[in-house]
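Every read-out reported here was derived from the displayed coordinates using simple, explicitly stated rules and does not represent laboratory data. In this text, all values refer to a predicted model and were calculated from it rather than measured experimentally. A quick note on method: Cβ atoms are made from the backbone with ideal geometry, for glycine too, and the neighbour counts reach across all protein chains shown.
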Amino acid sequence: MKRDVQKLLIVDDHPIFRAGLKQTLEGIPWIEVVAEAATGDEAISQIRRFAPDMVTLDIAIPGMDGLKVLELTREETPIPSVIIVTSYDDRAYLSRAFELGARGYVIKDCAVTDLITSIEEVAKGGIFISPSLGNNKPILPNINDPDGHWLDLLTATEKKVLLHVAAFQTSKEIARALGMSPRTVQNHRAHICTKLELRGAHQLMEFAVEHCQQLQDS
Amino acid sequence: MQLTWPDLFYTIWRQARTCLFAILSSLLLVLSCPEKADATGSLDITTSFEFIHTPWGSVTADELFAGNQTEKFQSLVPPTNISQFGKETWLRATLPATAPMAVLEIPGQIFNFVDVWFRLPDGDIEHYYAGDKYPYVDRAIPHASSAFPIPSSTLGPIDVLIRARNETTHRMNFAAWIWPEADWQSYLLNQRAWYGAFLGAMTVLCIYNLFLAVTLRDSSYLFYVGYILCLSVCIVLLNGLAEEYIWPQGKPAHFVLFFSGLGAFLAVGFVNQFLRIRASNPGVYWCSTLIAALAVLCGCILIFTNQLPFVPGPHSVTVVHVLILAAGVYFICVSLVSYLAGITQARFLALSMLALLSSAIIYFTYTYGFLRYNVYIGHALEVGGLAEGVLLSLALADRITILTRQKQAAERAAVEYQISFSRQLISAQEKERQAISESLHDSIGHAVLVLRNNLLRSAASNPDQESQQDILLREQADRCSEIMNDVRRLSHDLHPHMLERLGLAEALNSTMERAFGSTGINYTITIDKLPDKLLPELEITVYRVIQECLNNILKHAEATAVSLDIAAQEGEVHCTLFDNGVGFSAAATGDTTLGLREMAGRVELLGGRFRTQSSAGKGTTIEFVLPIDPRESLVQPTGGVFT
């Protein structure tokens with residue numbers, strides 16, 4: 001499969017770990033590590049300088065933390081796809097990261113095996129979550145519902161919101177696009193999650209991405 | 001400290017028991033006296049007199065009755081000062097026959113010698129005398145001031161001739177009132193009641209402050225008591241009560257001056273002691289003490305010799321007066337200056353001496369002939385003296401109030417400093433833990449992670465033919481994972497990294513999940529209306545308390561269900577943690593109660609409340625409430641504590 005070369009920025013405060021990641025990605029021709037950064041401020045300036053397609057981002061970095069950097073990347077053009085690479089395996093971080101627009105979440109313990117897969121998945125336009133975080137795939141009776149009965153559960157506004165979620169937009173961006181407050185968007189997201197029995201922003205995004213076609217059809 | 005009205009009222013209230021009696025009695029009597037005097041049949045006949053001045057002993061009453069004087073009588077236009085040093089004053093009048101009058105009174109002040117001759121229509125002459133140089137027992141009417149019985153006459157008007165003599169340069173104002181018998185008696189009664197009340201009030205003030213002097217071991221109270229006693233004695237002497245009760249046979253001269261001097265000395269001692277002038281301004285202290293001591297010395301000399309050495313003629317008395325006046329002025333000046341310099345305790349001092357001085361001014365304005373006699377003037381000195389006593393007593397109480405306030409403020413500041421220090425200590429401890437936690441996670445955690453990845457990479461180089469060595473490498477990698485997990489758990493326990501990044505709600509959610517997710521304990525967590533941003537100090541406290549409680553539940557409670565409710569209400573965070581375990585009294589160990597007490601302490605340091613409710617078999621409820629803005633209860637330590 002012929003792919004465009006993905007320009008990658010690695011953000012981690014640990015030089016040996018960064019070297020490890022670089023080493024892992026070395027053999028892959030379509031990934032080019034254009035820069036590295038050790039702190040949040042450095043990360044932002046490197047993004048501005050190199051305009052990478054993708055960023056692997058640690059949460060626990062000095063200064064501005066990874067989540068803050070992730071939030072700021074949404075202001076950049078073009079918006080880089082962010083894969084969180086962290087040792088935090090709490091669902092709370094996972095959820096928050098996807099809420100803020102991350103596309104992948106990789107646990108450092110499994111980085112050797114998961115990182116390349118996640119980059120591939122994100123490059124294709126999907127999302128990725130380390131399998132070691134447990135069963136994150138939404139278990140829904142209607143998930144493979146070809147008739148799309150689940151669509152009847154949602155209101156028109158909620159469907160619109162869901163479409164934007166599928167386009168990897170954060171609550172703030174959706175709010176701007178639909179002309180409502182971020183708080184309202186969050187409420188809509190929460191309602192959608194309750195109706196579709198989804199847990200957390202990552203499941204919502206996964207669901208939205210998977211059912212994007214059905215949504216657009218309706 | 002600023003002067004505030006509540007302070008003032010508080011002081012007055014504290015002294016109320018003492019002052020109430022004095023103030024009320026003086027008020028009532030001052031109000032009732034003139035009414036009695038005016039409403040009854042007394043008659044002011046001052047203006048019907050004519051007068052002449054003659055050298056001592058140059059004329060006799062008989063000669064004047066016969067009209068053998070060389071000088072012509074002048075009519076008396078009040079208010080007129082009639083005394084001339086070295087001369088005697090003769091006054092004559094004819095008593096009106098309008099009503100039967102029983103008593104002729106020469107009120108207001110005590111002359112040295114007063115002689116009165118009544119010439120009846122039939123030519124009989126009756127002679128009476130009064131004045132402080134005549135023995136009291138010889139007076140025709142036993143009364144403190146000069147009063148004489150008017151002989152009854154049915155034939156016609158009675159001529160009256162008065163001779164007033166003074167040995168001093170004191171100015172004397174003359175007044176003459178005549179009284180019907182019944183009114184005179186009730187007037188006497190009123191006066192005695194008034195003097196009784198006045199002296200009673202002064203005595204109460206003295207006794208009360210004497211007790212305080214003993215209790216508080218403060219010599220300024222002794223000065224006060226001495227001063228008030230001297231003041232009372234002076235007033236008693238000026239009113240003639242002294243002759244009536246103490247020296248009915250006559251007394252040595254100039255006692256008034258001696259006691260005035262002693263009073264001035266004690267007053268100066270009082271104000272110096274009260275305002276600690278000796279320490280702050282020794283020059284002023286010695287100067288004022290010397291002047292006051294000189295007044296005492298002069299008064300003492302006058303008692304024995306009637307004349308000061310090196311002072312010409314009649315001016316001995318004036319010298320003592322000037323010294324006493326200087327002491328009074330010093331009293332006012334030093335208290336005013338101290339008050340203006342910020343010593344609040346001085347606020348009643350200047351006021352008290354002003355009260356006494358103004359009453360003295362009223363009195364002397366009368367004796368110099370600028371005012372006409374009335375009952376107010378007659379009692380001006382007593383009212384002034386009483387005001388002085390009460391206000392000085394207030395000043396002493398005021399000082400206690402102010403010192404108590406200052407002490408309380410200092411204690412409060414100390415407690416606040418302690419609280420603030422404890423909070424800083426806790427905050428430093430948390431910071432240190434965070435630093436250790438982060439370096440554990442970042443250095444050791446990452447190093448082991450990298451090591452593990454390297455081991456795995458080496459082992460995975462040949463996945464198809466796994467050698468004994470590969471298996472060994474994988475085992476080592478697994479050991480690394482275990483170490484990593486231990487390090488992470490330790491790091492998380494030391495400091496919850498989620499708190500700053502995701503907020504309190506997420507951190508608690510995650511902690512509950514960690515704690516109970518694999519235990520089979522059902523847990524619910526409800527977080528309601530919590531503000532997005534809470535103070536880090538508050539968040540960490542809530543988190544730590546709940547963390548401690550969760551540990552207790554896991555260790556001891558044997559619970560199957562746990563619920564946590566957190567809600568923000570009226571500027572406070574309310575937290576309730578319930579478990580259905582075995583309860584406290586059964587499960588509590590030393591560790592548990594110690595930990596909980598420590599947590600309660602942390603909650604209280606932020607101005608919160610902590611409550612546990614537990615009984616065997618009925619589970620445990622732990623409730624605590626924290627103000628959302630604990631800065632309101634936080635007082636920064638005052639600058640310079642460590643310098």
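For segment B:246-287, the spread of Cα coordinates along the three principal axes comes to 49, 17, 7 Å, biggest extent given first.
When chain B is described by a simple charge dipole with +1 on each Lys and Arg Cβ and -1 on each Asp and Glu Cβ, the residue from B:Leu199, B:Ile622, B:Leu323 located farthest towards its positive end is B:Leu323. Exposure here means at most 11 other Cβ atoms within 10 Å; with trypsin sites (Lys or Arg not before Pro) in a DSSP loop as sites, the longest stretch of chain B lacking them is B:218-528.
Across segment B:223-237, computed HN-Hα scalar couplings (Karplus, 6.51 cos²θ - 1.76 cosθ + 1.60, θ = phi - 60°) run 4, 4, 4, x, 4, 5, 5, 4, 4, 5, 4, 4, 5, 4, 5 Hz from first to last residue, x flagging Gly and Pro.
Charging the Cβ of each Asp and Glu at -1 and of each Lys and Arg at +1, and nothing else, the dipole of segment B:374-444 about its Cα centre rounds to 80 debye.
Within chain A, the proportion of Cα pairs with more than 27 Å between them is 32 percent.
Put simply, the amide H of A:Val33, placed in the peptide plane, has neighbours under 5 Å in A:Leu8, leaving out anything fewer than 5 places away on its chain.
Prolate is the label for the protein assembly as shown. Its Cα gyration tensor axes, ordered a ≥ b ≥ c, give a/c of at least 1.5 and a/b above b/c.
About its Cα centre, segment B:43-190 has a charge dipole of approximately 400 debye under the convention of +1 per Lys or Arg Cβ and -1 per Asp or Glu Cβ, with nothing else charged.
Any lysines with Cα under 24 Å of the A:Lys7 Cα? List them, leaving off those in the same chain fewer than 8 positions away. Candidates past the 8-residue exclusion: A:Lys22, A:Lys68, A:Lys108, A:Lys124. Rounded, prolate or oblate: which fits segment B:194-344, taking a ≥ b ≥ c as square roots of the Cα gyration tensor eigenvalues, rounded meaning a/c under 1.5, else prolate when a/b beats b/c? Since a/c reaches 1.5 but b/c is at least a/b, the shape of segment B:194-344 is classed as oblate. When Rg and the Kirkwood Rh are both derived from Cα coordinates, the Rg/Rh ratio for chain B amounts to 1.38.
When the charge dipole of chain B is built from unit charges on Cβ atoms (+1 for Lys and Arg, -1 for Asp and Glu) and taken about the Cα centre, the candidate among B:Val542, B:Trp286, B:Leu216 whose Cα reaches farthest toward its positive end is B:Trp286. Seen against the Cα atoms of chain B and their longest principal axis, helix B:181-216 is set at about 40 degrees. With respect to chain B, whose longest principal axis is taken over its alpha-carbon atoms, helix B:380-439 is tilted by about 10°. 3J(HN,Hα) along segment B:299-313: x, 5, 4, 5, 4, 8, 10, 6, 7, 7, x, 6, 10, x, x Hz, from the Karplus curve 6.51 cos²θ - 1.76 cosθ + 1.60 with θ = phi - 60°, whole Hz, x for Gly and Pro. Overall shape: oblate for segment B:145-223, with the ratio a/c of the largest to smallest alpha carbon gyration tensor axis at 1.5 or above and b/c at least equal to a/b.
Once the GluC sites (Glu not before Pro) in DSSP loops with at most 12 neighbouring Cβ atoms within 10 Å are cut out of chain B, the longest remaining piece is B:72-569. Evaluating 6.51 cos²θ - 1.76 cosθ + 1.60 at θ = phi - 60° for every residue in segment B:159-173, the Karplus couplings come out as 7, 10, 10, 10, 10, 10, 10, 10, 8, 9, 7, 3, 7, 10, 9 Hz, glycine and proline recorded as x.
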